[in-house]
């Protein structure tokens, strides 16, 4: 009968030899010589195991889970890439359509602006001025257009419109310009681009009561600046209310970082832009030009009244 004199310091089991005790502590407790505890780390996560068999069993399911997560990430990246390519194709088609267009006539806008100028001069002669609310009143008829930067867009946009802008992610700038300057909010029809080839555009001057010409690059830069400020305000509002998912948060943050970086060139469809901001400026320019008819029509309807008919050259489609 063997005398078991070698005791395990962890579980108090007795063994007849030191080698048996060592085997026991190594297998049962994961402790090797010199009391060094061996740990086996999962290759796919941070979990630790005492025994290699336990780690191997865990890794089989952990690997499957990681593969599923990677597959989901890959699928989502492919979806975003498809959306981006589709959007780019739309922009390219629009660019080709507009650049190949021979339409250079802006008589309609000039006729509308002529009415505004005539009314402004008439008001000036009658000592009537535009009040602090930017509202011009003529013969008891009222129209209202806010100058760029004075729109107070945040308090006018609905919750659904703000969600649309955030959900547009990298195209949030185009979406907010589409909703405000090109949509149904006639008080924000304050910028007009009638030509893609020349260097001038028009903005509404509320101190004069009509549209004035301005270098196109300056106007577009101002549009970007004001609308980015609005996007940041919308983001803060919806984030505080927990109305933006984490993925959209990250994309909006990336978008704002990219448009704020004016040092890095940006490439799109083999076209080199000075930076990401200049790329977005080009998109906004095309968007405004493409909507010039609607903007002009809405302004014409806004300024027309019962006593003074709309100019004969204005064609309301």
Practice item. Please compute P(r) over all alpha-carbon pairs of the range 108-303, binned at 10 Å starting from zero, and give each bin as a whole-number percent. Key: 8, 33, 32, 19, 7, 1
Practice item. Starting from the Cα of residue 122, step 7 Å along the direction of its Cβ; do the same at residue 56; then give the gap between the two resulting points in nm. Key: 9.4
Check your understanding: In nm, to one decimal, how far is the modelled label at residue 243 from the one at residue 267, with both set 7 Å along Cα→Cβ?
Key -> 4.0
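Can you tell me the FRET efficiency between residue 253 and residue 75 if r is taken as the Cβ-Cβ distance and R0 is 25 Å, rounded to the nearest 0.05?
Working: r = 23 Å, r/R0 = 0.92.
In this case the efficiency is close to 0.65.
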Practice item. Pop a pseudo-label 7 angstrom from the Cα along the beta-carbon direction at both residue 82 and residue 5 and give the gap in nm to one decimal. Key: 7.6
Check your understanding: Counting alpha carbon pairs within less than 8 Å and at least 6 residues apart, what relative contact order, in whole percent, applies to the range 108-303?
Key -> 25
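Just want the ordering: 116, 173, from fewest to most Cβ atoms lying within 10 Å of their own Cβ. Please report the intermediate quantities before stating the final value.
Details: 116 21, 173 25.
Ordered by Cβ neighbours within 10 Å, fewest first: 116, 173.
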Review point. What does the range 191-280 give for Rg and for Dmax, in Å, if only its C-alpha atoms count?
Key: 16.5, 46
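No lab work stands behind these numbers, since they all come straight from the coordinates. Just so it is clear, the model here is predicted, and its values are computed rather than measured. In this analysis, Cβ positions are derived from the backbone assuming ideal geometry, glycine residues included, and neighbour counts consider all displayed protein chains.
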